[in-house]
Amino acid sequence: MTTFDDRERGFEKRFELDQEQEFKAQARRNRALGEWAAGLMGLADQRIAEYAAVIVKSEVDQPGDDDVLRKVFEDLKGAGVAITEGEVRMKMAELMAQAREGLREGR
């Protein structure tokens, strides 16, 4: 083994860990986004958890922030909530920052 091989393996391992952390952060963000949106729609306690799970699952079924944004925005509009797509996008960014911070702090 050369030093180069060791460094390459180290970079690969770091990339793997970073990807895992990002996946966990997205799942946390999506759960929090679902809870936030469910609250705006006036869903009851049990329905809040169910809706949040649907949002988390939507990311797994079709990876990408745009699909999650579209789903939540359309659900909010369908429920008669006066909100813009930009406001939902800003909430997603805020919740993603909180999710990443929580993972870094071990919460």
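The values are calculated or read from the model by the stated rules, or taken from the named source; none is laboratory data. Keep in mind it's a predicted model, so treat the numbers as computed, not measured. So basically every Cβ, Gly included, is an ideal-geometry build from the backbone, and we count neighbours across all protein chains shown.
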Checklist entry - Mind checking whether some residue in the stretch 71-87 is touching a Gly at 6+ places or on another chain (Cβ under 9 Å) and free of Cβ contacts under 8 Å to residues at least 40 places away in the same chain? => result yes
Checklist entry - Could you list, in sequence order, the residues of the stretch 49-86 that are assigned to a loop (DSSP other than H, G, I, E, B) and not hydrophobic (A, V, I, L, M, F, W, C)? => result Q62, P63, G64, G80, T84
Item to check | Selection count, the stretch 67-86, where residues are surrounded by fewer than 13 Cβ atoms within 10 Å (Cβ to Cβ) and closer than 16 Å to A38 by Cβ | outcome: 3
Checklist entry - E35: at pLDDT 95 or above, among the acidic types (D, E) and in a helix (DSSP H, G or I), yes or no? => result yes
Item to check | Residue among L103, L40, L95 that alone is surrounded by 11 or more Cβ atoms within 10 Å (Cβ to Cβ), in a helix (DSSP H, G or I), more than 17 Å from the chain's Cα centre (by Cα) and aliphatic (A, V, I, L, M) | outcome: L40
Checklist entry - So which residues in the stretch 20-36 are without any contact (Cβ under 8 Å) to a residue 40 or more places away in the chain and buried (at least 20 other Cβ atoms within 10 Å of the Cβ)? => result N30, G34
